[in-house]
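Colleague: The following block contains the structure, expressed as structure tokens.
Every read-out reported here was derived from the displayed coordinates using simple, explicitly stated rules and does not represent laboratory data. Everything numeric here is computed off the predicted structure, so don't read it as measured data. For neighbour counting, all protein chains shown are included, and Cβ atoms are generated from backbone atoms with ideal geometry for every residue, glycine included.
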Ligand code: SF4
């Protein structure tokens, strides 16, 4: 089935066919072609999505992986990231609490698995973890592993040293999440308390430690097309395994709270860009997808093979049962669930 889907997708990808063919051949993203993609209008959106669907289909078929987040420590970060409700400069009305006990993290994993999640992500608001925090996650990982050996475990602890990453790896954590968020050029406009290079260094430390890497972006923070292309190429060079594409969800009380959410067409073209730039990575339609994409949110699946369900760190999201219905209605399969008989997605668009 995937090879039929790949051929079909190429046939339908119009002016973006060369980008799709380059992605299938694992050639680096052509910046000029990427600029044309991002500058294209909404009338070209179906062709752009089919271009993304070619490598998506080659590497992931029609599978969609569900991921679930657990905000393990909320609202206590000393950093000043302008989009974040948990930063030191945020006055957003959110829960604030210290690190959840191991038993609560384990219970969260159990609930995630029961809802069909294949990956469970434990996130802390912090500049970086103490060694005690690392040991806390190791204890949680060991307990979760004993009960749920197939659940993928991800930790998002902030700026992390190689020694800490090695400890997490030895303790049973699969993925280290640390998002680059935007380009090197644009980074000082969204954060002043740490640098883009700090984030790259953490991702590189995770790689050296043998962890799988999850690192992505936030679309809609005032970046240019070239910023998106630059960060896509950086993530490709870092060979990230998993790439969450978030869409700015402006939150009252944060420095970016007055921004308009990015428009759906731009969000979808950004998803296409990241699929074509890092074709073998798990592209995850992440925070803000429901608000930014609105009625078009199902189209994210043409580029993304993974979505978050049941909300984000401090904002609500699509419930897991509604997400399953969307996935199946569009002819995709929930990863780990039995495939349904039915009409292929090729007829949907
Ligand atoms: S480091 Fe993370 S938790 Fe802290 S302000 Fe930035 S995004 Fe928010």
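Colleague: Roughly how tilted is helix 131-147, in degrees to the nearest 10 and between 0 and 90, from the longest Cα axis of the chain?
Modeller: Compared with the principal axis, the helix lies near 60 degrees.
Colleague: If I stretch the segment between residue 204 and residue 143 completely, what's the gain in nm (0.36 nm per residue apart, minus their alpha carbon distance), one decimal?
Modeller: 19.2 nm
Colleague: Can you tell me the 0 to 90 degree angle between the C-alpha axis of helix 2-11 and the longest principal axis of the chain, rounded to 10?
Modeller: It is inclined by approximately 60 degrees.
Colleague: In deg cm²/dmol, rounded to 500, what helix-only [θ] at 222 nm does the chain give when every DSSP H run of at least 4 residues adds -39500 (n - 2.57) and the total is split over its residues?
Modeller: -12000 deg cm²/dmol
Colleague: To the nearest 0.05, what FRET efficiency results for residue 111 and residue 197 with a Förster distance of 51 Å applied to their C-beta separation?
Modeller: Calculated value: 0.85.
Colleague: A further question on this structure: If one takes the longest principal axis of the Cα atoms in the chain, at what angle in degrees, from 0 to 90 and to the nearest 10, does the Cα axis of helix 196-208 lie?
Modeller: With both axes taken from Cα atoms, the answer is about 90 degrees.
Colleague: Round to a whole angstrom and tell me the spacing of the C-alpha centers of region 107-165 and region 175-250.
Modeller: Cα centres, region 107-165 to region 175-250: 20 Å.
Colleague: Among 3-12, 95-104, 115-124, what's the highest-first ranking by average C-beta atoms within 10 angstrom per residue?
Modeller: 115-124, 3-12, 95-104
Colleague: Would you mind calculating the relative contact order of region 62-334 from Cα pairs under 8 angstrom and at least 6 residues apart, reporting the percent as a whole number?
Modeller: So the answer I get is 21 percent.
Colleague: Averaged over every viewing direction, what's the projected area of the C-alpha convex hull for the chain? Give it in nm², one decimal, please.
Modeller: Mean projected area of the Cα convex hull: 15.6 nm².
Colleague: Same structure again: Where both partners of a DSSP beta bridge lie in the chain, what percent of those bridges are antiparallel, to the nearest 5?
Modeller: Among the beta bridges of the chain, antiparallel pairing accounts for roughly 5 percent.
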